[in-house]
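Since the structure comes first, as structure tokens, the remarks are kept for the end.
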Amino acid sequence: MVEALHRGYCLCRAVTFAIDGPMAAAVACHCTMCRRQSGHFWVSTNVAEADLAIEGADSLVWHRSSEVAERGFCGKCGSFLFWRRPGSGRIAVSMGSLDLPTGVVLDRHIFVAEKSDYYEIEDEVKQFEGDD
């Protein structure tokens, strides 16, 4: 794999990736689909697809979760790694899959109207009822 600014991988390392470009501030999504797939809420950064190099793409499975989005996960261990709107040129990358340090800070919570009832959002980060 080429030298990169950031690296990440799934739990079993069947899918590894490198990001050779800037990462946007992190977003915490509390929507029902992210909660069901991740087991809690999902936090991601956004990068240009052209800056993302994936090794083990044959283990990567894409699931069309809605009319506008696909979710990428490892077909071997199930790690939820990516979210994208096909054709956008951008891809959301799971913050939990990245090696440290990331240099990224949490910028906002989205779809807070759909968050579960077992936790409260108690930080000072901006909150949006739906997609910002």
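Every number in this text was worked out from the coordinates using simple rules, so none of it is lab data. Just so it is clear, the model here is predicted, and its values are computed rather than measured. In this analysis, Cβ positions are derived from the backbone assuming ideal geometry, glycine residues included, and neighbour counts consider all displayed protein chains.
Some notes on this structure:
- Three-way shape call for the stretch 1-61 based on the alpha-carbon gyration tensor, with the a/c threshold at 1.5: oblate
- Summing charges over all other residues whose Cβ lies under 14 Å from the Cβ of ALA48, with Lys and Arg as +1 and Asp and Glu as -1, gives 0.
- Local net charge near SER79, Cβ-Cβ under 12 Å (Lys/Arg +1, Asp/Glu -1): +3
- Net charge, GLY8 excluded, C-beta distance under 14 Å - Lys, Arg +1, Asp, Glu -1: -2
- Percentage relative contact order, the chain, counting C-alpha pairs under 8 Å, at least six apart: 27 percent
- Selection from ILE54, GLN37, ALA18, by position along the positive dipole direction of the stretch 6-116 (Cβ): GLN37
- Among ALA28, ALA92, ALA57, the residue with the largest mean-square fluctuation in a Gaussian network model of the chain, with springs joining Cα atoms closer than 10 Å, is ALA57.
- In order along the stretch 24-41, the Karplus-derived 3J(HN,Hα) couplings, from 6.51 cos²θ - 1.76 cosθ + 1.60 at θ = phi - 60°, round to 6, 4, 6, 10, 9, 9, 9, 5, 4, 5, 5, 5, 5, 6, 8, x, 7, 9 Hz, and Gly and Pro are given as x.
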